[in-house]
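Below is one structure, written out as structure tokens; the observations come after it.
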Amino acid sequence: MKSPLYSNSYIYTLGLILLHKGTFFRRYRHMAAYVHDNESVLEPGCGPAIFAKFLPKSVAYRGFDANGSFIDHAAQKGLNVVLGNALDPASYSPADVVMLCDVLHHLPPSERQKCIAFCWQAAKRLLIICEEGRPDSSAGGPFYWINKKWCEFIEKDGTNNPKFEEVWTKGALREYMEKGFDVVPSSTQNKIKEVGEDLIITYSKGRW
Ligand SMILES: C[S@@+](CC[C@H](N)C(=O)[O-])C[C@H]1O[C@@H](n2cnc3c(N)ncnc32)[C@H](O)[C@@H]1O
């Protein structure tokens, strides 16, 4: 059972614009600015491949996702996307930039590092990870129950069983990002940026 957000690409994109407001455009523009002309980009969990539209024409974009409806829609628009599983190494192929946006909280906590490891391995130059954490104070707040029910309803993508408690808090997310989720070596250069409710970290393998 999927939430309406994951049933159709138009509903998903409109929903994201309404939920993120101005941040929707700012976060994709921020990430796209790291990609150079003529590079390759891989997006695991690409959804309807919104990011592709923010990239220069010379960039070779590839994406994969578990949602067949998103993939069919993006493929019909001429985008290079296929069905794939972020937890299966066979879905990955090397790219200059690997970009993972809003995917980690869809995975069980015990599988997240595996996904990050596959992304890091596939990235030739940069790995960009964008995630939204839940408020640090959400555990006991008056809106806790509403937030929990809303999150667990809206984040059902058809493959997962989301639990609000399993979404990292903003503080925990920043901490994990800064230590490379215990996957990216601690000596790796990184840049972290808060864009609205999102935290975006970019890890570099040497060249920015
Ligand atoms: C919030 S959407 C993000 C989509 C896209 N990255 C974006 O920025 O709009 C999360 C996506 O992750 C996909 N997903 C979740 N688990 C996955 C898995 N194991 N393998 C591939 N895709 C997965 C879902 O189908 C969904 O399209």
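The values are calculated or read from the model by the stated rules, or taken from the named source; none is laboratory data. Here the structure is a predicted model, which is why all the values come from computation and not from measurement. Here the Cβ positions follow ideal geometry from the backbone for every residue, glycine too, while neighbour counts run over all protein chains shown. Just the protein is used for accessible areas: all its heavy atoms, side chains included, with ligands, DNA and RNA removed. Shrake-Rupley method; radii C 1.70, N 1.55, O 1.52, S 1.80 Å.
Tabulated data
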| quantity | calculated |
| --- | --- |
| Cα centroid of region 174-208 to Cα centroid of region 28-45, whole Å | 16 |
| Total charge dipole magnitude, the chain, about the Cα centre, Cβ charges on Lys, Arg, Asp, Glu only, Debye to nearest 20 | 460 |
| Chymotrypsin sites (Phe, Trp or Tyr not before Pro) within region 123-190, DSSP loop, no more than 11 other Cβ atoms inside 10 Å | Phe143 |
| Total lysine pairs whose alpha carbons fall under 25 Å of each other in region 128-208 (8 or more apart, or interchain) | 15 |
| Max mean-square fluctuation residue, GNM over the chain, Cα-Cα springs under 10 Å, options Lys77, Lys193, Lys163 | Lys77 |
| Relative contact order (percent, whole number), the chain, Cα cutoff 8 Å, 6+ residue spacing | 21 |
| Where Leu127, Leu14 fall by accessible area, highest first, once all protein chains stay in place (1.4 Å) | Leu14, Leu127 |
| Max mean-square fluctuation residue, GNM over the chain, Cα-Cα springs under 10 Å, options Val97, Val59, Val81 | Val59 |
| Residue-normalised accessible area of the chain, expressed per residue, 1.4 Å probe, Å² | 49 |
| Selected from Gly171, Gly84, Gly63 as most flexible by GNM, with the chain as the system and alpha-carbon contacts under 10 Å | Gly171 |
| Size descriptor, Kirkwood hydrodynamic radius, that averages inverse alpha-carbon separations across the chain, Å | 17.3 |
| 13 Å Cα-Cα reach of Lys21 towards aspartates and glutamates, excluding residues that sit fewer than 8 places from it in its own chain | Glu197, Asp198 |
| Estimated 222 nm signal from helices in the chain, with DSSP H stretches of n ≥ 4 weighted -39500 (n - 2.57), rounded to 500 | -9500 deg cm²/dmol |
| Per the chain, cysteines lacking a partner by the 4.7 Å Cβ criterion | Cys46, Cys115, Cys119, Cys151 |
| Heavy-atom accessible surface of region 24-67: percent carbon and sulfur, 1.4 Å | 54 |
| Relative contact order (%) - criterion: Cα under 8 Å, at least six apart; region: region 99-208 | 36 |
